[in-house]
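S.K.: Quick one: the structure is below, questions incoming.
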Amino acid sequence: MDDYRTHVEIDLAAIRQNAEAIKTFTGKRLIAVVKADAYGHGVVPVTQTLRGVADMFAVATVEEGVKLRQAGVQEPILVLFSSLPNQASQVIEHGLVPTISDWGFADRLNTIASDTIKVHVNINTGMNRSGVHWTEATQFLHRLKTLDRLTVAGVFTHLATADEPDKSYVFVQIERFASVLEKIPNSGRSVHAANSAATLAVRYAYFDAVRPGLSLYGIYPASERPVALEPALTWKARIGWIGSLSEGEGVSYGLTYKAPHQSRVATVQVGYGDGYPRALSNVGEVLIGGVRRSIIGRVCMDVSVVGLESTDNVSVGDEVVLIGEQGDAEITVNELAHRAGTIPYEILTQIGARVPRIFKHESFK
Ligand SMILES: *Cc1c(COP(=O)(O)O)cnc(C)c1O
């Protein structure tokens with residue numbers, strides 16, 4: 001570990017335990033969302049860890065699905081968003097389960113398939129970013145029956161506001177979804193709607209399977225915390241330089257921080273080129289020696305500067321925690337996101353390719 005200027009540690013046992021806890025809590029089949037490199041956690045080790053717990057994996061793109069197949073994943077893989085017509089052959093070749101949101105792609109698949117293909121149909125109940133509109137869904141599903149190579153193995157919708165305290169629009173969406181389901185025969189199809197927020201807070205949205213992402217990684221999307229989840233990711237960096245400032249001296253680009261008195265500073269080897277948000281300039285905090293220290297001045301591409309107290313006993317090479325625990329202190333992804341004016345999803349998925357992922361508890365492979 002001494003070899004990294006910055007790295008993340010992924011506790012695979014925590015991910016497995018979170019998935020098991022969610023499955024026990026819901027009592028439903030688990031579609032584990034592992035898009036965007038498993039929210040930055042490393043999709044191949046994560047899917048290997050979830051073998052036997054997840055009933056299906058969900059990715060955003062055909063490319064992500066192909067990567068999982070090439071890594072030997074044999075569970076069903078759902079591609080959550082529409083695929084391009086020219087990707088139909090890849091969907092078939094790699095045995096992915098595509099999402100149908102329009103007639104064109106369905107027709108294309110049916111034309112080139114030589115065997116039956118399972119598909120899930122996305123119904124737009126008010127998120128309004130994808131899917132067949134709920135008022136047209138019954139007719140659409142009926143028409144799909146004319147495509148003899150397609151089997152509608154699942155029907156789903158996506159909720160726009162499940163992470164908000166006011167659940168009234170969630171109920172509106174679920175009612176619309178239910179009104180479609182009512183009109184189609186229930187023939188063992190997988191029906192799913194619940195993202196992490198609904199999985200933790202809206203039982204009414206469960207149907208046959210839940211479809212969480214963020215919560216698998218131990219992060220709560222909202223205030224409801226009915227299940228104990230453990231964050232799986234710790235982000236660390238090392239001190240690369242220690243310097244001193246005399247009163248009034250500025251720090252980093254633009255000299256936006258001015259030393260109020262003579263003081264010492266430490267440069268931490270992480271910057272926005274690693275995905276550490278530049279928005280944390282002058283507002284971020286990190287852990288050094290088990291205590292909080294502030295980011296001073298602008299976050300640079302490769303490094304960030306931290307203010308030290310006169311009593312701090314730090315050396316070049318010391319470990320700094322950006323996300324996670326150190327001693328009795330902790331910085332959560334939610335806190336970091338809040339300080340940076342964003343959401344935990346963005347923080348996690350922006351952790352760059354330059355940051356090595358070190359996996360702990362790989363025994364589940
Ligand atoms: C990303 C995504 C999810 C998972 O959402 P979380 O909030 O991370 O649980 C579920 N369904 C769809 C369609 C998604 O795009």
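The values are calculated or read from the model by the stated rules, or taken from the named source; none is laboratory data. These numbers were taken from a predicted model, which means no experiment stands behind them. Cβ coordinates were reconstructed from backbone atoms using ideal geometry, including for glycine residues, and neighbour counts include every protein chain displayed.
S.K.: Among the residues that make up region 280-288, is at least one of them in contact with a strand residue (DSSP E or B) (Cβ under 9 Å, 6 or more places away or on another chain), within 30 Å of ALA197 (Cβ to Cβ) and among the acidic types (Asp, Glu)?
M.R.: Yes, because at least one residue in region 280-288 is in contact with a strand residue (DSSP E or B) (Cβ under 9 Å, 6 or more places away or on another chain), within 30 Å of ALA197 (Cβ to Cβ) and among the acidic types (Asp, Glu).
S.K.: For ILE123, indicate whether it is buried (at least 19 other Cβ atoms within 10 Å of the Cβ), more than 23 Å from ILE92 (Cα to Cα), under 25 Å from the mean Cα position of the chain (by Cα) and in contact (Cβ under 8 Å) with a residue 12 or more places away in the chain. So that I can check it myself, show each step before the final result.
M.R.: Numbers: buried (at least 19 other Cβ atoms within 10 Å of the Cβ): yes; more than 23 Å from ILE92 (Cα to Cα): no; under 25 Å from the mean Cα position of the chain (by Cα): yes; in contact (Cβ under 8 Å) with a residue 12 or more places away in the chain: yes.
Judged against the criteria, ILE123 is not a match.
S.K.: Restricting to region 24-81, name every residue that is closer than 11 Å to LEU96 by Cβ, away from the ligand (no atom under 14 Å from the Cβ) and part of a loop (DSSP other than H, G, I, E, B).
M.R.: Selection gives VAL73, PRO76.
S.K.: Identify all residues within region 188-231 that are over 16 Å from LYS167 (Cα atoms) and in a helix (DSSP H, G or I); write none if there are none.
M.R.: LEU214, SER215, LEU216, TYR217
S.K.: Among the numbered criteria (1) in contact (Cβ under 8 Å) with a residue 12 or more places away in the chain; (2) under 25 Å from GLY341 (Cα atoms), which single criterion is violated by ARG264?
M.R.: Result: ARG264 passes all but (2).
S.K.: Only one of THR99, THR61 is farther than 30 Å from PHE359 by Cα, β-branched (Val, Ile, Thr) and surrounded by 16 or more Cβ atoms within 10 Å (Cβ to Cβ). Can you tell me which?
M.R.: Just one listed residue meets the conditions, THR99.
S.K.: Among the residues of region 333-358 satisfying the criterion of being among the aliphatic types (A, V, I, L, M) and without any contact (Cβ under 8 Å) to a residue 12 or more places away in the chain, which is surrounded by the fewest Cβ atoms within 10 Å (Cβ to Cβ)?
M.R.: ALA353
S.K.: Under the condition of being more than 30 Å from ASP302 (Cα to Cα) and of a type in the set (Gly, Ala, Ser), which residue from region 216-240 is surrounded by the most Cβ atoms within 10 Å (Cβ to Cβ)?
M.R.: ALA222
S.K.: State the number of residues belonging to region 137-167 that are away from the ligand (no atom under 15 Å from the Cβ) and closer than 20 Å to LYS118 by Cα.
M.R.: So the answer is 17.
S.K.: Return yes or no: is VAL91 at pLDDT 95 or above, away from the ligand (no atom under 16 Å from the Cβ) and part of a helix (DSSP H, G or I)?
M.R.: On the way: at pLDDT 95 or above: yes; away from the ligand (no atom under 16 Å from the Cβ): yes; part of a helix (DSSP H, G or I): yes.
Judged against the criteria, VAL91 is a match.
S.K.: Any idea which of VAL202, VAL268, VAL210 is away from the ligand (no atom under 16 Å from the Cβ) and buried (at least 16 other Cβ atoms within 10 Å of the Cβ)?
M.R.: VAL268
S.K.: Of all residues in region 141-184 being out of contact with any Leu (no Cβ under 8 Å at 6 or more places or on another chain) and assigned to a strand (DSSP E or B), which is nearest to ILE92 (Cα to Cα)?
M.R.: Going through the qualifying residues, I end up with THR151.
S.K.: Restricting region 168-199 to residues that are away from the ligand (no atom under 12 Å from the Cβ) and of a type in the set (A, V, I, L, M), which is farthest from ALA228 (Cα to Cα)?
M.R.: If we take residues in region 168-199 being away from the ligand (no atom under 12 Å from the Cβ) and of a type in the set (A, V, I, L, M), then ILE184 is farthest from ALA228 (Cα to Cα).
S.K.: Specify the residue that is nearest to the ligand (Cβ to nearest atom); the eligible residues are those in region 317-365 that are in a loop (DSSP other than H, G, I, E, B) and acidic (Asp, Glu).
M.R.: The qualifying residue nearest to the ligand (Cβ to nearest atom) is ASP328.
Per-residue answers, yes or no, for (1) under 18 Å from LEU348 (Cβ atoms); (2) at pLDDT below 95; (3) in contact with a strand residue (DSSP E or B) (Cβ under 9 Å, 6 or more places away or on another chain):
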position: SER168; (1), (2), (3): no, no, no
position: PHE171; (1), (2), (3): no, no, no
position: ALA193; (1), (2), (3): no, no, yes
position: SER215; (1), (2), (3): yes, no, no
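S.K.: Now a separate question. Taking region 283-320, which residues are closer than 19 Å to GLN262 by Cα and in contact with a Ser or Thr (Cβ under 6 Å, 6 or more places away or on another chain)?
M.R.: Answer for region 283-320, where residues must be closer than 19 Å to GLN262 by Cα and in contact with a Ser or Thr (Cβ under 6 Å, 6 or more places away or on another chain): ILE295, GLY297, VAL305, GLY307.
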